[in-house]
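A short write-up of the structure that comes next.
The values are calculated or read from the model by the stated rules, or taken from the named source; none is laboratory data. Fair warning: this is a prediction, and the values are worked out from it, not measured in the lab. Neighbour counts are summed over all protein chains in view; Cβ atoms, including those assigned to glycine, are modelled from backbone coordinates with ideal geometry.
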Amino acid sequence: MTENNEELYCIGCGVKIQSDDKDELGYTPKAAVKKGLEKEELYCQRCFRLRNYNEITDVSLTDDDFLALLNEIGKSDALIVNVVDIFDFSGSIIPGIHRFVGDNPVLLVGNKEDLLPHSLKRSKLKDWLRQSANAQGLRPLEVVLTSAKKNQQVRELLELIDKYREGRDVYVVGVTNVGKSTLINQIIKESTGYQDLITTSRFPGTTLDMIKIPFDDGSELIDTPGIIHKDQMAHYLTGKDLRLAAPQKEIKPRVYQLNPGQTLFLGALARFDYVAGEKQGVVVYAENNLMIHRTKTAGATEFYAKHAGELLQPPADITNLPELVRFEFKTKEKSDLVFSGLGWVSVKADSVVAGWAPKGVAVSLRKAMI
């Protein structure tokens, strides 16, 4: 973006101003650029909303920019708050983050807790998140479950941040779509008048568009832009499709009586095959409006080829959806077959099951949470 052939930069965060892509760094509507130049106060839209409404919006970085950001974090002495999506751990953990964290302590925050059934034992979920993080080389000090949307457990998170930061800066990191910016906004709201833990009067940034919120002791809470994780289910969906696929409200269990040789399709996004075992009621935990279709396994591949994007939705357009890849498991105990980003299917012990998901999207087996 230029004015008289001169490149323009946001005075709030230093990012180059552009008016072409509202999802990219530095976006500012042309009318706002003109007004900003007249006032000699040119802010990108993200900084403008932050200054005027205390509202942080998510932005994404290129892989190179994000590597530079991670390197900066790795060199610092700081507390890391890593936000992940409870429904999409493998798609929301930052690849290789343990290498950049170094010796810095980590709090792992599992967001979207409000979407879980009340019957799900939170202690089991915390243990699973910790084990999953350990498998990625990450050793969190604590695991916290929050709902940024409903402002649940935000005070508990603030207290843990205050306990562990020991005067250091705090970096909040996460991929896109995990609710990190909503959580930061709740932290700002919650901290107003909350023992003056965070002062929200000024928000300077850097060329990487980090937002720095000062603590009262001179250190800062630093909100970092999200990175796009290419193996997220959400990556392949439009906004309309995402609302039908990703849980929006507390999920309700749906029971399907299956014999071996029967298949459930979760829209066109995933497939569950009951391969072997006794007849049983499998329980599906997914977005309440997600269409589930039962059919015979014998013709399921042909059925999918014929009906994906039509009878089987979401998505309505399967052009960008990778082929479904099969993972087979034998259960030794009551277990959940987890489709990252969608939900899970609960099955009994001594069952042979197969889960199919778009190539790159994880399918895994865990001990049943309910």
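For this structure, a couple of remarks:
- Annotation note: of Val106, Val101, the sole residue that is modelled with pLDDT of 95 or more and more than 13 Å from the chain's Cα centre (by Cα) is Val106.
- Members of the stretch 278-332 found to be β-branched (Val, Ile, Thr) and assigned to a strand (DSSP E or B), listed by number: Val282, Val283, Val284, Ile292, Thr295, Val325
- The number of residues in the stretch 138-154 that are basic (Lys, Arg) and farther than 25 Å from Pro247 by Cα comes to 1.
- In the stretch 327-370, the residues that are more than 17 Å from Ser90 (Cβ to Cβ), out of contact with any strand residue (DSSP E or B) (no Cβ under 7 Å at 6 or more places or on another chain) and of a type in the set (A, V, I, L, M): Ala349
- Test result for Leu183, modelled with pLDDT of 75 or more, touching a strand residue (DSSP E or B) at 6+ places or on another chain (Cβ under 7 Å) and not in a loop (DSSP other than H, G, I, E, B): yes
- Test: residue in the stretch 218-234 that is acidic (Asp, Glu), more than 27 Å from Pro322 (Cβ to Cβ) and surrounded by 22 or more Cβ atoms within 10 Å (Cβ to Cβ): yes
- Test: residue in the stretch 129-137 that is farther than 14 Å from Asn82 by Cα and among the hydroxyl-bearing types (Ser, Thr, Tyr): no
- Any chance Gly309 is closer than 24 Å to Ser92 by Cβ and either in contact with an Asp or Glu (Cβ under 8 Å, 6 or more places away or on another chain) or not assigned by TED's automatic domain parsing to the domain that holds Pro247 (or both): no
- Pair list, Cβ under 6 Å, 6 or more apart: the stretch 108-122 residue closer than 21 Å to Arg155 by Cα, other residue in a helix (DSSP H, G or I): Leu108/Ala133; Gly110/Leu129
- Exactly one residue among Asn82, Asn104 is buried (at least 22 other Cβ atoms within 10 Å of the Cβ) and either touching a strand residue (DSSP E or B) at 6+ places or on another chain (Cβ under 9 Å) or of a type in the set (Ser, Thr, Tyr) (or both), and that residue is Asn82.
- Selection from the stretch 286-307 of residues that are in contact with a Lys or Arg (Cβ under 8 Å, 6 or more places away or on another chain) and closer than 22 Å to Asp350 by Cβ: none
- Selection within the stretch 347-361 - surrounded by fewer than 19 Cβ atoms within 10 Å (Cβ to Cβ) and within 23 Å of the chain's Cα centre (by Cα): Lys359, Gly360
- Whenever a residue of the stretch 294-310 is among the hydrophobic types (A, V, I, L, M, F, W, C), its partners that are in a loop (DSSP other than H, G, I, E, B), lying with C-beta atoms within less than 7 angstrom and at least six residues away or across chains, give the pairs Ala298/Gly261; Ala308/Ala268; Ala308/Ile318.
- Subset of the stretch 60-75 that is over 22 Å from Pro105 (Cβ atoms) and of a type in the set (S, T, N, Q) - its residue that is modelled with the lowest pLDDT: Ser60
- Looking across the stretch 316-345 at every residue that is touching a Pro at 6+ places or on another chain (Cβ under 8 Å) and surrounded by 15 or more Cβ atoms within 10 Å (Cβ to Cβ), the one that is farthest from Asp241 (Cα to Cα) is identified as Leu324.
- Here Leu264 meets each of (1) buried (at least 22 other Cβ atoms within 10 Å of the Cβ); (2) in contact (Cβ under 8 Å) with a residue 40 or more places away in the chain with one exception, condition (1).
- When we screen Arg122, Arg165 for residues that are surrounded by fewer than 21 Cβ atoms within 10 Å (Cβ to Cβ), modelled with pLDDT of 90 or more and either closer than 21 Å to Gln45 by Cβ or within 21 Å of the chain's Cα centre (by Cα) (or both), the only hit is Arg122.
- Taking every residue in the stretch 212-241 that is more than 23 Å from Ile161 (Cα to Cα) and pairing it with any residue that is of a type in the set (D, E, K, R) and modelled with pLDDT of 75 or more, at least 6 positions away or on another chain, the pairs with Cβ-Cβ distances below 8 Å are Gln232/Asp88; Met233/Asp88; Ala234/Asp88; Thr238/Asp317.
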